[in-house]
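Every read-out reported here was derived from the displayed coordinates using simple, explicitly stated rules and does not represent laboratory data. Small disclaimer: the values here were computed from a predicted structure and weren't measured. Glycine gets a Cβ as well: all are built from the backbone with ideal geometry, and neighbour counts include every protein chain shown.
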Amino acid sequence: MINMGTRRIKQLRDGWTILTADGKPSAHFEHDVALVEGKPELLSTFRYIYDALGISSNEEDEFKVSKTA
């Protein structure tokens with residue numbers, strides 16, 4: 001979870017919803033990873049978002065599995 005304000009959170013009575021204690025914007029994200037032949041393969045990617053925003057990032061490279069024919 002990435003918060004613009006405090007890291008303090010509060011959980012609503014539904015037992016599921018989480019809000020920041022100061023009410024500032026936040027985001028939660030996850031990656032799906034599979035182990036293929038003992039190595040991690042990234043199943044989810046932010047590549048489309050990076051491309052749309054014109055951001056260059058190699059943070060996902062270590063999780064790429066090279067595909068050989």
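If the condition is being surrounded by 10 or more Cβ atoms within 10 Å (Cβ to Cβ), under 25 Å from F46 (Cα atoms) and not basic (K, R), then the stretch 7-30 contributes I18, L19, T20, S26.
When the residues of the stretch 31-45 are filtered to those that are among the acidic types (D, E) and exposed (fewer than 11 other Cβ atoms within 10 Å of the Cβ), the one that is farthest from E60 (Cα to Cα) is E37.
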